[in-house]
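Structure first, then comments.
The values are calculated or read from the model by the stated rules, or taken from the named source; none is laboratory data. Here the structure is a predicted model, which is why all the values come from computation and not from measurement. No Cβ is skipped: glycine too gets one built from the backbone with ideal geometry, and neighbour counts run over all protein chains shown. Surface areas here come from the heavy atoms of the whole protein model, side chains and all, with no ligands, DNA or RNA. Shrake-Rupley method; radii C 1.70, N 1.55, O 1.52, S 1.80 Å.
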Amino acid sequence: MDFMLSGAAACGACLFTNPLEVVKTRMQLQGELKTRGSYQVYYRNVFHAFYTIGKVDGLAGLQKGLAPGLVYQFLMNGVRLGSFAIIESSGHIHTEGRVSAVKTTLAGAVAGVVGAVMGSPVYLVKTHLQSQSTSSIAVGHQHKHQGMIQALAAIYRQHGILGLWRGSSAAIPRVSVGSAAQLSTFSSAKELVLDLQVFPKDSWFVALTAGMISSVVVVIAMTPFDVVSTRLYNQPVDHLGKGQLYKGFTDCFSRTLKKEGLMGLYKGLGASYFRIGPHTILSLFFWDELRKMYQRQQLR
């Protein structure tokens, strides 16, 4: 049940934040491996990107990749948050009754690795679909998929089972870092809010406040890994399934840093917060509330 509740919470958040994921993906691919000022800027900021995508690709363009996005959230966060919930309820993240920063960080990182491996194939397809656009505003390599099932089948047919896990070398550090930052700060922030007695113990404001604090830390820690992950997943590949732009995580990270500077690794930071921030807040809030509802139901 922990896995089901966690997956449902993440899917609920995804329905609201998927358009922001589309914007974030486009902004992270814009000007790939090019120095500032040497490429055409289609998306000046988050709001301009929303307007441009909506105007050129239509409102449906802002929900591209929703199907794989929902499947990814259910798989990845179902496993990640579900695993953490089991570890937490077993008392393994506490030392003498208090939340341990080291234990929650380790537990969050391990849960993130498992979730990233499980969800990598659909994240690959999600990135491809979200980057696809009308040629006048296209950024990054354009894959010609027509839907999630067709994309998964085409990748498997061309590159075999391992082709579906292409880019996972970036997904694992991305999700493990993000998961460690998110769950450790959420657990500690929730305990702090309860200690301060700002809200009643069972108030939904406790989880909401803790989620807001966690969201800021997550975005700062995760964005460079997110940029690298997006680029590795979206890069074109040869007939053997080998990337034509990057050899792997380290190569992509170092080349982006060299060509685009530190800010290249923080491209789309505003879009990242607008996407990851609300998603962190909503998914953790839904997760906490669903678990409380289930626990109350079990006590009846």
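Surrounded by fewer than 18 Cβ atoms within 10 Å (Cβ to Cβ), under 30 Å from LYS242 (Cα atoms) and either under 23 Å from the mean Cα position of the chain (by Cα) or among the acidic types (Asp, Glu) (or both), is that true of ILE172? Even if it seems obvious, please write down each step before you answer.
Values: surrounded by fewer than 18 Cβ atoms within 10 Å (Cβ to Cβ): no; under 30 Å from LYS242 (Cα atoms): yes; either under 23 Å from the mean Cα position of the chain (by Cα) or among the acidic types (Asp, Glu) (or both): yes.
No, not satisfied.
State yes or no: is VAL56 at pLDDT below 95, of a type in the set (A, V, I, L, M, F, W, C) and surrounded by fewer than 20 Cβ atoms within 10 Å (Cβ to Cβ)?
Working: at pLDDT below 95: no; of a type in the set (A, V, I, L, M, F, W, C): yes; surrounded by fewer than 20 Cβ atoms within 10 Å (Cβ to Cβ): yes.
Answer is no for this residue.
Which is farther than 30 Å from GLY261 by Cα and touching a Gly at 6+ places or on another chain (Cβ under 7 Å), of VAL114, VAL79, VAL56? Steps first, answer last, please.
On the way: VAL114 fails: touching a Gly at 6+ places or on another chain (Cβ under 7 Å); VAL56 fails: touching a Gly at 6+ places or on another chain (Cβ under 7 Å).
Checking each option against the conditions leaves just VAL79.
Only residues that are touching a His at 6+ places or on another chain (Cβ under 9 Å) and either without any contact (Cβ under 8 Å) to a residue 24 or more places away in the chain or open to solvent by less than 40 Å² (accessible area, probe 1.4 Å) (or both): list them for region 153-165, please.
ALA154, ILE155
Between a first residue in region 244-255 that is within 15 Å of PRO173 (Cα to Cα) and a second residue that is among the polar types (S, T, N, Q), which pairs have beta carbons less than 6 Å apart while being 6 or more apart in sequence or on different chains?
As it stands, the answer is GLY248/SER169; PHE249/SER169, since those pairs meet every condition given.
Among the residues of region 136-174 satisfying the criterion of being out of contact with any Ser or Thr (no Cβ under 8 Å at 6 or more places or on another chain) and basic (Lys, Arg), which is modelled with the highest pLDDT?
By that ranking, first place goes to ARG157.
Tell me which residues, restricted to region 193-204, are surrounded by fewer than 17 Cβ atoms within 10 Å (Cβ to Cβ), in contact (Cβ under 8 Å) with a residue 12 or more places away in the chain and part of a helix (DSSP H, G or I).
If we filter region 193-204 for residues that are surrounded by fewer than 17 Cβ atoms within 10 Å (Cβ to Cβ), which is where we start, we get 194-204.
Imposing the further condition that a residue be in contact (Cβ under 8 Å) with a residue 12 or more places away in the chain reduces the set to 194, 202, 204.
LEU194, TRP204 - these are the residues of region 193-204 that are surrounded by fewer than 17 Cβ atoms within 10 Å (Cβ to Cβ), in contact (Cβ under 8 Å) with a residue 12 or more places away in the chain and part of a helix (DSSP H, G or I).
Tell me, please, whether a residue that is closer than 30 Å to TYR39 by Cα, out of contact with any Phe, Trp or Tyr (no Cβ under 9 Å at 6 or more places or on another chain) and in contact (Cβ under 8 Å) with a residue 12 or more places away in the chain can be found in region 283-295. Give the derivation first.
First, pick out the residues of region 283-295 that are closer than 30 Å to TYR39 by Cα: none.
Taking every residue of region 283-295 in turn, none turns out to be closer than 30 Å to TYR39 by Cα, out of contact with any Phe, Trp or Tyr (no Cβ under 9 Å at 6 or more places or on another chain) and in contact (Cβ under 8 Å) with a residue 12 or more places away in the chain.
Restrict the check to region 207-225 and report whether at least one residue is open to solvent by less than 20 Å² (accessible area, probe 1.4 Å), more than 27 Å from GLN28 (Cβ to Cβ) and in contact with a Lys or Arg (Cβ under 6 Å, 6 or more places away or on another chain).
yes
What do you reckon, is LEU269 in contact with a Pro (Cβ under 6 Å, 6 or more places away or on another chain) and buried (at least 17 other Cβ atoms within 10 Å of the Cβ)?
On the way: in contact with a Pro (Cβ under 6 Å, 6 or more places away or on another chain): no; buried (at least 17 other Cβ atoms within 10 Å of the Cβ): yes.
Here the answer is no, as LEU269 does not meet what is asked.
This table checks each residue for (1) closer than 24 Å to PRO224 by Cα; (2) surrounded by 23 or more Cβ atoms within 10 Å (Cβ to Cβ); (3) over 15 Å from the mean Cα position of the chain (by Cα); (4) modelled with pLDDT under 95.
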{"residue": "ARG26", "(1), (2), (3), (4)": "yes, yes, no, no"}
{"residue": "GLN40", "(1), (2), (3), (4)": "yes, no, yes, yes"}
{"residue": "LEU66", "(1), (2), (3), (4)": "yes, no, no, no"}
{"residue": "ILE93", "(1), (2), (3), (4)": "no, yes, yes, yes"}
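On the given criteria, is VAL22 of a type in the set (Val, Ile, Thr), open to solvent by less than 60 Å² (accessible area, probe 1.4 Å), over 17 Å from GLY178 (Cα atoms) and out of contact with any strand residue (DSSP E or B) (no Cβ under 9 Å at 6 or more places or on another chain)? Step through it out loud before you land on a result.
Values: of a type in the set (Val, Ile, Thr): yes; open to solvent by less than 60 Å² (accessible area, probe 1.4 Å): yes; over 17 Å from GLY178 (Cα atoms): yes; out of contact with any strand residue (DSSP E or B) (no Cβ under 9 Å at 6 or more places or on another chain): yes.
Criteria met by VAL22.
Only one of these conditions is not met by GLY37: (1) free of Cβ contacts under 8 Å to residues at least 24 places away in the same chain; (2) at negative phi. Which number is it?
(2)
Kindly list the number of the only condition in (1) more than 28 Å from VAL110 (Cα to Cα); (2) assigned to a loop (DSSP other than H, G, I, E, B); (3) without any contact (Cβ under 8 Å) to a residue 12 or more places away in the chain that fails for HIS145.
Of everything listed in (1) more than 28 Å from VAL110 (Cα to Cα); (2) assigned to a loop (DSSP other than H, G, I, E, B); (3) without any contact (Cβ under 8 Å) to a residue 12 or more places away in the chain, HIS145 misses just condition (3).
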